[in-house]
1. Would you mind stating whether residue 58 is outside any strand (DSSP E or B), modelled with pLDDT under 65 and within 18 Å of the chain's Cα centre (by Cα)?
2. Say we look at the range 13-23 and pick out the residues that are assigned to a strand (DSSP E or B) and more than 12 Å from the chain's Cα centre (by Cα); which of these is farthest from residue 43 (Cα to Cα)?
Amino acid sequence: MSNATALVKTRRVGGSLVVTLPKDVVEANKIREGEIVEITVRKPRVDGFGALRGIGPLTPEDELKPPE
């Protein structure tokens, strides 16, 4: 069995979080439905560079307002 690395996003199904194996990982490892697979879970480090791309400047509505 070959090793594969993929970044996947979790999603909620009922009370659990699930991930979907990408097609290329499934094909490279010849994984079939119902097979047992071993996974290693590790959260990748995210650096700040580019993390906020696409977010515009703050508007007055974005700023905290004092309590009334």
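The values are calculated or read from the model by the stated rules, or taken from the named source; none is laboratory data. Just so we're clear, the structure is a prediction, and the values are computed from it rather than from any experiment. Cβ atoms come from the backbone with ideal geometry, glycine included; neighbour counts cover every protein chain shown.
1. Considered against the rule, which asks whether it is outside any strand (DSSP E or B), modelled with pLDDT under 65 and within 18 Å of the chain's Cα centre (by Cα), residue 58 comes out as no.
2. This residue is 13.
For every residue, the table says whether it meets (1) acidic (Asp, Glu); (2) at pLDDT below 85; (3) surrounded by 10 or more Cβ atoms within 10 Å (Cβ to Cβ).
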residue: 21; (1), (2), (3): no, no, yes
residue: 26; (1), (2), (3): no, no, yes
residue: 29; (1), (2), (3): no, no, yes
residue: 32; (1), (2), (3): no, no, no
residue: 38; (1), (2), (3): yes, no, no
residue: 65; (1), (2), (3): no, yes, no
